[in-house]
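The values are calculated or read from the model by the stated rules, or taken from the named source; none is laboratory data. These figures come from a predicted structure and were not determined experimentally. Because the Cβ atoms are built from the backbone with ideal geometry, glycine has one as well, and the counts that use them run over all protein chains shown.
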Amino acid sequence: MLTNLVIKNFILIESLELSFGHKLTVLTGETGAGKSILLDAVSFALGSRSDTSMIKNGCDNMSVIASFDVSKNHPSVKLLIENDIVSDVEVGEHFEIILRRTLNKDGKNKSFINDIPVSLSTLKLIGDTLIEIHGQFDNQSLLNPATHINILDNFAHDGDLKDECRGAFQNWQKVKKELSELEANFAKAKEDEDYLKHNLLELENLNPQKGEEEELNNKRHILMNSEKIITSIKDAFEYLSKYGDEPEKFIANANYALERIPDDAKNENINSVVSELENATSNLSDAYERLKQILSENDGDTSTLEQTEERLFSIRELARKHKVTPDELPEFMANLKRTVENINNSDEVLNEKKAEEQKAKENYLEVANKLSDVRSNYAKMLSEKVMMELPPLKLEKATFEVVVSKENDENKFSANGINSVCFMGSTNFGGTKNYIHKIASGGELARFTLAIKVVISDASIISSMIFDEVDTGISGATASAVGERLARLSKSIQILVVTHSPQVASFGNHHFKVSKYFDAQKNATITSVEQLSEPQRVNEIARIISGDKITPEAVSAAEKLFITSIKA
């Protein structure tokens, strides 16, 4: 609900701060006092159009701040999270949303939500979920035909069925897209069939393996240096074999000669030499045997540098040709093989996908028709209930009908189903039915809206509403009926109403009086607003009844109205 409104330098308002409560708030005042300026200010804060003429004379800028208290499940909170204005961890059971908008004389707007700069479109997106303004303003979402289907669905409480319909539609569109892509791919593949088969044969003959290119490249480097390596190994082997097949024997003989020295004649140096010769004998024997093994392995290797390079370059050439990496060639070959196989079985594959698409479509239509039946039933119920509300609102000659139509054009099917919904009516018996906003005046529109809102109040996602001109052209019992319905509606939705009717004013839980006066010191006309106490309310209602001169009879009538009106 709207909790606070802070206005600075807006038209005739210099500085104003108001706090609002639950249920029904009425705003009264003399004609021209500036009651509608308050609504203009709220509308400005919500993102409506503006111009510099709204800036108070003599000021360089203006600003409006509107604060709202919402529950964590309110649609506005979801939008704030989706637009990265708040995070879900910031949101408690109740959450404050502060809309702030400024306008400078140069025409530049600035918009903020909870002190985060936002675009004007984002401000309006969030604002539209917080409050509705009905009467002389353009943002009457209830009377926008695009919103009618959602209003009916909320009234019907068909959320689960609607979600099922949305899921079925999305699945159908997914399969439909897959079919379209498959048909396009097959058509192109058939055109290129010979070329694809040639490529597949080329790949199958080569049969590249993942990791093979790196392995061949390493082997190539080895083979390129193999001659130099083998020559060096042979030279080393020849040096070791120069004195026979067992070169370690010469070291062993030297060691044997030293060992003949008596132990008591050996000193530390001799013992050290003997130990080193023993280690040398062992190491030399190991090196000799390893060189023999290396020579044996290289002599038995039948791979050649030419063969290795030929396969390596073939793999790289095919990778470049198909614009993949060498390691991706096996997967590319497998996909190409499936494509060729699918070409051969294209009719069968397409028929399977067509059957899948048809089944998905039938499933969607089954759910959509169920949803359509629910809508049709609740449309009759909504029409009847609204019609019952019209006569007491001095719309006894008016008719109202929720028209649910079925779309036959498949291209017009949507996640919302196969229906279009619109609120139709006429203001006279036998009159031609048309969209409500095209056949009703401002006051009639407000009363149509009131009647509809009273009926659907339990299903409304809006937590605050403002009515202006709702009592235009009515008085007496009709005005009382309007007030009673506003009070009834305010049990579930915060209502603010600008009224000239004493009957409507008497139903309010809170009452603000709007006044206009001339400040000689500032040489300016200023609009002020004060919240009235209960005695002040009686006097204000009496003023509305009798005019500027409040008579005892008017006070008595006001007291009677105030006492007998039923508060929400």
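Some points to look at:
- Members of segment 87-118 that are in contact with a strand residue (DSSP E or B) (Cβ under 8 Å, 6 or more places away or on another chain) and farther than 20 Å from Thr52 by Cβ: Glu93, His94, Phe95, Glu96, Ile97, Ile98, Leu99, Ile113, Asn114, Asp115, Pro117, Val118
- Exclusive hit being part of a strand (DSSP E or B), touching a strand residue (DSSP E or B) at 6+ places or on another chain (Cβ under 7 Å) and surrounded by 19 or more Cβ atoms within 10 Å (Cβ to Cβ), set Ala41, Ala66: Ala66
- Counting only helices (runs of 4 or more DSSP H) that sit wholly inside segment 111-212, those with at least 3 residues that are loosely packed, with under 13 Cβ neighbours inside 10 Å and at pLDDT 90 or above are 159-191, 193-206.
- Checklist (1) closer than 28 Å to Leu486 by Cα; (2) touching a residue at least 40 places away in the same chain (Cβ under 8 Å) applied to Asn73, failing item: (2)
- Checklist (1) free of Cβ contacts under 8 Å to residues at least 12 places away in the same chain; (2) under 20 Å from Gly127 (Cα atoms) applied to Arg100, failing item: (1)
- Put simply, of Ile526, Ile495, Ile541 the only residue that is in a strand (DSSP E or B) and buried (at least 22 other Cβ atoms within 10 Å of the Cβ) is Ile495.
- Residues located in segment 378-405, provided they are more than 30 Å from Thr472 (Cα to Cα), touching a residue at least 24 places away in the same chain (Cβ under 8 Å) and surrounded by fewer than 20 Cβ atoms within 10 Å (Cβ to Cβ): Tyr378
- Residue count for segment 486-531 satisfying the condition of being in contact with an Asp or Glu (Cβ under 7 Å, 6 or more places away or on another chain) and of a type in the set (Lys, Arg): 1.
- Segment 406-423 - residue that is in contact (Cβ under 8 Å) with a residue 60 or more places away in the chain and either touching a strand residue (DSSP E or B) at 6+ places or on another chain (Cβ under 7 Å) or within 30 Å of Ile474 (Cβ to Cβ) (or both) and, of those, surrounded by the most Cβ atoms within 10 Å (Cβ to Cβ): Phe423
- Restricting attention to segment 498-521 and to residues that are touching a residue at least 60 places away in the same chain (Cβ under 8 Å) and part of a loop (DSSP other than H, G, I, E, B), the residue that is surrounded by the fewest Cβ atoms within 10 Å (Cβ to Cβ) turns out to be Asn509.
- Residues located in segment 69-99, provided they are buried (at least 18 other Cβ atoms within 10 Å of the Cβ), assigned to a loop (DSSP other than H, G, I, E, B) and aliphatic (A, V, I, L, M): Ile85, Val91
- Within segment 64-89, being among the small types (Gly, Ala, Ser) and touching a helix residue (DSSP H, G or I) at 6+ places or on another chain (Cβ under 9 Å) holds for Ala66, Ser71, Ser76, Ser87.
- Residue selected from segment 424-452 under the condition at pLDDT below 75 and not in a helix (DSSP H, G or I), by the criterion surrounded by the most Cβ atoms within 10 Å (Cβ to Cβ): Ala440
- When segment 14-37 is filtered for residues that are over 12 Å from Phe467 (Cα atoms) and assigned to a helix (DSSP H, G or I), only Ile37 remains.
- For segment 408-423, a residue qualifies if it is aromatic (Phe, Trp, Tyr) and assigned to a loop (DSSP other than H, G, I, E, B), and exactly one does: Phe413.
- For first residues located in segment 357-368 and exposed (fewer than 14 other Cβ atoms within 10 Å of the Cβ), partners that are aliphatic (A, V, I, L, M) and lie 6+ apart or on another chain with Cβ distances below 6 Å do not occur.
- Cβ separations smaller than 8 Å between residues 6+ apart or across chains give the following pairs from segment 539-557 residues that are free of Cβ contacts under 8 Å to residues at least 40 places away in the same chain to residues that are acidic (Asp, Glu): Ser546/Glu553.
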